[in-house]
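This report concerns only the one structure given below.
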Amino acid sequence: MLIRLGYDIEFEASAPVPMIALLNVHPSRVPDLREPDQLTIEPNIESEQYCDSFGNICTRFVAQPGITRISNRTLVMDSGEPDPIQADARQSPIDQLPHEILQFLLPSRYCEVELLSNTAHELFGSAAPGWPTVYAITSWVNQKVQFGYAFARSTRTALEVYTERVGVCRDFQHLAITFCRALNIPARYVAGYLGDIGVPVSDTPMDFSAWFEAYLDGRWWTFDARHNVPRIGRVLMATGRDATDIAITTSFGSTRLKKFFVVSDEVKE
């Protein structure tokens, strides 16, 4: 299937503000593009692209006083298949993990593994290792945490999600990631597009989405503690240890969000 992707975002600043944007599709999805994935900045200012340490495409620029608009519109080919399931995927012994995977077992800004380790073992220690454990974690978070945009708070950590039992999609994923790491399963945070394809259309405005990936049987597998069902049409943008690493935009100064519009819709061929 073809999926139309795009966004239109505006910030206002009173002084020049250096910024970083992670708004391109992930390099792994570049072969699927059917139109250029070109970030446009208005007014026209100098920008530079680079790949960060996680392999994500980043754009850096200096927003000028006034309104800065960041927009894009592209088309991607997708398999149309739901997230794959491999119920017998095994957990790898730590001493056999690739070096670059080890960082996804460690605590990070929003994932306090050491503070939730005992809880993880109490809740999920009896589950079969590997996929069954990750599925048990994902299901538990999905059932125990209440979703709501009114609960959004950019500083909420996994421990606070566990205590408060409320949050938005990033909070669901942070808690699930933390439980996985506490049980020696590498897990990483993911940002991308997830439109209402194959599901009832939501009555809330479209946004970028967060899910997570667990490393089992030598590869990364998609899990989503917010929805907890296989979904169609995920388009990966960035991966990292948690939301700190892959914020859609990072401002090194004061900015005010004035407009935020995202689209991810199936295009009938």
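The values are calculated or read from the model by the stated rules, or taken from the named source; none is laboratory data. In this text, all values refer to a predicted model and were calculated from it rather than measured experimentally. Cβ: placed from backbone, ideal geometry, glycine included. Neighbour counts: every protein chain shown.
Sort through GLY125, GLY218, GLY195 and tell me the only one that's on the phi < 0 side of the Ramachandran plot, surrounded by fewer than 18 Cβ atoms within 10 Å (Cβ to Cβ), touching a residue at least 12 places away in the same chain (Cβ under 8 Å) and not charged (D, E, K, R).
After ruling out the rest, the residue left standing is GLY125.
From the residues in the stretch 91-108 that are in contact with a Phe, Trp or Tyr (Cβ under 8 Å, 6 or more places away or on another chain) and not aromatic (Phe, Trp, Tyr), which one is nearest to HIS26 (Cα to Cα)?
Ranking the candidates gives ILE101 first.
Of everything in the stretch 40-56, what is touching a helix residue (DSSP H, G or I) at 6+ places or on another chain (Cβ under 9 Å) and either without any contact (Cβ under 8 Å) to a residue 40 or more places away in the chain or among the acidic types (Asp, Glu) (or both)? Give them in sequence order.
CYS51
So THR239 ticks every box in (1) assigned to a loop (DSSP other than H, G, I, E, B); (2) among the hydroxyl-bearing types (Ser, Thr, Tyr); (3) modelled with pLDDT of 95 or more but one. Which box is left unticked?
Unmet condition: (1).
Looking at the structure I just gave you, is GLU10 modelled with pLDDT of 95 or more and closer than 13 Å to ASN72 by Cα?
yes
So which of VAL30, VAL76 ends up being free of Cβ contacts under 8 Å to residues at least 40 places away in the same chain and among the hydrophobic types (A, V, I, L, M, F, W, C)?
Residue meeting the stated conditions: VAL30.
Here is a yes/no grid of residues against (1) in a helix (DSSP H, G or I); (2) within 27 Å of PRO98 (Cβ to Cβ):
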{"position": "ALA136", "(1), (2)": "yes, yes"}
{"position": "TRP140", "(1), (2)": "yes, no"}
{"position": "ARG170", "(1), (2)": "yes, yes"}
{"position": "LEU175", "(1), (2)": "yes, yes"}
{"position": "CYS180", "(1), (2)": "yes, yes"}
{"position": "ASN184", "(1), (2)": "no, yes"}
{"position": "ARG188", "(1), (2)": "no, yes"}
{"position": "ALA191", "(1), (2)": "no, yes"}
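Of a type outside the set (Ser, Thr, Tyr), at pLDDT 95 or above and assigned to a helix (DSSP H, G or I): is that true of LEU123 in this structure?
yes
In the stretch 87-101, is there at least one residue being under 18 Å from THR178 (Cβ atoms), under 18 Å from the mean Cα position of the chain (by Cα) and assigned by TED's automatic domain parsing to the domain that holds GLU213?
yes
Residues being of a type in the set (Gly, Ala, Ser) and part of a loop (DSSP other than H, G, I, E, B): count how many of those fall in the stretch 193-226.
The number of residues fulfilling the criteria is 5.
Which residue, of THR163, THR155, is in a helix (DSSP H, G or I) and surrounded by fewer than 18 Cβ atoms within 10 Å (Cβ to Cβ)?
None of the other options fit; the residue is THR163.
Taking only the stretch 198-215 into account, find how many residues are in contact with a Cys (Cβ under 9 Å, 6 or more places away or on another chain), surrounded by fewer than 23 Cβ atoms within 10 Å (Cβ to Cβ) and of a type in the set (A, V, I, L, M).
Residues flagged as in contact with a Cys (Cβ under 9 Å, 6 or more places away or on another chain), surrounded by fewer than 23 Cβ atoms within 10 Å (Cβ to Cβ) and of a type in the set (A, V, I, L, M) within the stretch 198-215 amount to 0.
Name the residues in the stretch 242-257 that are hydrophobic (A, V, I, L, M, F, W, C) and assigned to a strand (DSSP E or B), would you?
Within the stretch 242-257, LEU257 is the sole residue that qualifies.
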